[in-house]
Amino acid sequence: MKRIPLDTNYNCLGPDKPILSPKKVVYFKVEINERVIVVQDDEEWVGTVKFDPSLPEQWQWYIEIEY
């Protein structure tokens, strides 16, 4: 699984759904529903990449973390 560093404080749907910037989508070559590891400081969580076209462009990609 890909390890993606994110800040859970940068979200629009709640801290369990941090935003994945368009730049990181391209850099990490993620796909919708791909399972990834979210890394923040010394913590890691498994999550699933999501895309919601009804949101503003900068918030369309996010990762749904499984706590």
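Within region 14-25, is even one residue surrounded by 14 or more Cβ atoms within 10 Å (Cβ to Cβ) and over 10 Å from the mean Cα position of the chain (by Cα)?
no
Taking the residues in region 18-51 that are touching a Ser or Thr at 6+ places or on another chain (Cβ under 8 Å) and among the polar types (S, T, N, Q) as candidates, determine which candidate is farthest from Tyr67 (Cα to Cα).
Looking at residues that are touching a Ser or Thr at 6+ places or on another chain (Cβ under 8 Å) and among the polar types (S, T, N, Q), I get Asn33.
Values quoted throughout were computed directly from the atomic coordinates according to the rules given, and no laboratory measurement underlies them. Keep in mind the model is a prediction, meaning the values are calculated, not measured. Please note: Cβ atoms are built from the backbone with ideal geometry, for glycine as well, and neighbour counts cover all protein chains shown.
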